[in-house]
Structures are given as structure tokens and as C-alpha cells.
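Since the structure comes first, as C-alpha cells, the remarks are kept for the end.
The values are calculated or read from the model by the stated rules, or taken from the named source; none is laboratory data. Bear in mind that the values here come from a model prediction, so they are computed numbers and not experimental data. Cβ: placed from backbone, ideal geometry, glycine included. Neighbour counts: every protein chain shown.
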Amino acid sequence: MFRVLAILVAAAIALSACGSGDDGGTAQAPSQPPAAKASDFPSAKGRTLGQLSEGLRQDAVLLPSSATSQMAEGENRLGFVIVDTANKRLEPSAVAVYTAREDGTQLRGPFVARKESLEVATPYRSAQTVSDLEEGKSFFLAAPEFASAGQRIVVGVAQVGGEMVLAQPTMALTVGAKGGPPDVGDRAVRVHTQTVSDVGGDLTKLTTRVPPAPELLKTDFADVLGKKPVVLQFATPALCSSRTCGPVVDIAEQVRAENGDGVAFIQQEIYVDNSPPKLRPQVEAWRLQTEPWLFVIDREGTITARFEGVFSTGELARAVAAVK
């Protein structure tokens, strides 16, 4: 089920790259304010998606950073990039997203996006990130709201070269589905994660990251749950269907090193023996249908933040600071 996203894989490369250039030091990645305000975009009030589209160029695509497997009623986190119909990355000066039913009715928005950085400081870059992902160092982040459960689409309106361009959706999203991964406010699912001692010191059995990040592999999640804050990440840098796992594992390692005192950071691989398609029991216990995922858990064992797909060092550092 992790490889059902073939339509997105090639373009998702543009989402993930941290690049191979040397930035020389710690990558500072604060949240960027929106480049525009809602009044800079067409209003959804009283309109259908077809009416919103009138007069707009329609030669762009909105690509989510993952399958966004669980959208909830209310506010959601959506990371994405905008590409043209040839999968070439576009760099809009501003973007807003809109939600609608698949027939274009119940249009809501605009929800203005902000730009987030995927930069990772040089000491924390893995071989996967450096060699494979070199096309982009940022993504857009929006907080669309859904009024009710059901199938919905998300489209973008991007300001490109002084023009408004409609960014078409790639898929319908299911809002309010039951049985998905634990959400913010839920208790974390207690699972054992393997450590170095379980594999005779062979870190390659615990991670596909090159090189392994030992500090992410030394703690059994079950031993620290409910005793200290934890960052639990499900990601497979070498086997990631969206190719976003390498950068976000690097980001977790950077935040651990720079801001992680008193917090346990754990990377959990996806596949048994690091060989698809059989899922590790920890992944099944957390009911994950996509990757990567990261959960921030407080010392009482409650999930306080979760990230599906890409996120920035700034986003994760702020989430970690909130539970320290």
C-alpha cells in the first residue's frame, strides 16, 4: 500500500531535496510568513470551483508531499509544491488553496500558504539526501479546513509571473475516515522498537539511512513512553516511495542534536528486514498507510504534534520545544 503513489513519485522528488551544496553550518529554518493575504486571492463565497477557474490559466498541478492519508473535519496541515504539466517545479510568489467536493460545489477558501525550508545543515545530510534529491529546498504549507466528512479535492491558486494560475488536484482526499493513524490528543500506541543490542550492533538492520544515525537507534520506544518526551519517526530513507524520507530523517537528526536535550528521538523503518512489501509490526500497530510519518509525544504519552510527509527543521524544533 506504500507504493500506490506512482503518479506522484517522479514529481515528489522536487519536494524533498535538501541539495548537495555546502551551506557551511547550521541551517536556520524559521517559519516563513505568508507572502500574501486572503484578500489577494479570489473569494470562494457563493462560487463553485468552475466559477473560480474562469479566467485563470490552468496549466499547473498541486502536488501534496504525501498521500495525505488522513484529513480530519476542521483544520489540517497540507504540505505541497506547484509544478507545471511537464512536472517542472514552479516558484510562485504566493499561493492559496481551496477545498471543494469532487463536483466543484461547497468551495471554501482561500487558505493562504507559507513557504517552509527543507534545508539541513551539512553535518546532518545523509548520502540519500545529498546524492538523490537536488531539485528543491522548500515547500508550501497551508491549513485548509473541511466542514464535513467525505471526498474532497484541494486546488491551488498561485501567483506566477504576475498571473493567477489554477493548480489542479492530483487526487481526491477522504475527510473524516475512521481507523487511521493516531491523532493529536490521542494516546501513543505502545510498541517496542529494536535497538543496537537487538541486532548485534549491525545498524544497517535498523535503518536504511547512509550513514546510520546511531542516536536515533538506541532507544526502545516502549521503555520511554510515558516517562519522557519522545519523537517517533516512521521512515525508510532508501526505500521511500515518495523519496521524502531521507530529508526528514536528516531533519530529525539535526533537531535532536541542536534542540533535543531531554527528548528521546527514534527512527523506525517500514519494512521487515528492510525489504518490501512486508510491513514491520510497529507500522501496522500505528495504522500507517503512507510514509514518512513523525509523532511528537509528551512525557504523559499523549501525541502533541504529527507530521505526514515533509516538514522543516523549524516546524519540528517548535513542536519539540513545546513538550520539553
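A search for C-beta distances below 7 Å between a residue of the stretch 46-59 that is within 13 Å of Asp103 (Cβ to Cβ) and any residue that is surrounded by fewer than 15 Cβ atoms within 10 Å (Cβ to Cβ) and of a type outside the set (A, V, I, L, M), counting only pairs 6+ apart in sequence or on different chains, returns Thr48/Thr105. For the stretch 214-264, filtered to residues that are in contact with a strand residue (DSSP E or B) (Cβ under 7 Å, 6 or more places away or on another chain) and hydroxyl-bearing (Ser, Thr, Tyr), the residue that is nearest to Glu119 (Cα to Cα) is Thr236. Scan the stretch 175-192 and report the pairs whose first residue is in a loop (DSSP other than H, G, I, E, B) and whose second residue is of a type in the set (Ser, Thr, Tyr), with Cβ atoms within less than 7 Å and a gap of 6+ or a chain change. That search, which allows pairs on different chains as well, returns Gly180/Ser69; Val184/Thr304; Gly185/Thr302.
Rundown of residues vs (1) crowded, with 16+ Cβ neighbours inside 10 Å; (2) free of Cβ contacts under 8 Å to residues at least 60 places away in the same chain; (3) under 19 Å from Ala36 (Cα atoms), yes/no style:
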residue	(1), (2), (3)
Thr85	no, yes, no
Asp103	no, yes, no
Leu118	yes, no, no
Ala121	yes, no, no
Ser148	no, no, no
Gln151	no, yes, no
Ala167	yes, no, yes
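Among the residues of the stretch 194-244, those that are basic (Lys, Arg), outside any helix (DSSP H, G or I) and in contact (Cβ under 8 Å) with a residue 24 or more places away in the chain comprise Arg209, Lys227, Lys228, Arg243. For Ala222, the test of being hydrophobic (A, V, I, L, M, F, W, C) and either at pLDDT below 95 or in contact with a helix residue (DSSP H, G or I) (Cβ under 8 Å, 6 or more places away or on another chain) (or both) is failed.
Scanning the stretch 90-138 for residues that are part of a strand (DSSP E or B) and at pLDDT 90 or above yields a total of 15. When Ala147 is tested against (1) farther than 26 Å from Gly246 by Cα; (2) at pLDDT below 90; (3) under 20 Å from the mean Cα position of the chain (by Cα), only condition (3) is not met. More than 21 Å from Leu316 (Cα to Cα), under 19 Å from the mean Cα position of the chain (by Cα) and basic (Lys, Arg): is that true of Arg77 in this structure? For Arg77, the condition - more than 21 Å from Leu316 (Cα to Cα), under 19 Å from the mean Cα position of the chain (by Cα) and basic (Lys, Arg) - is not met.
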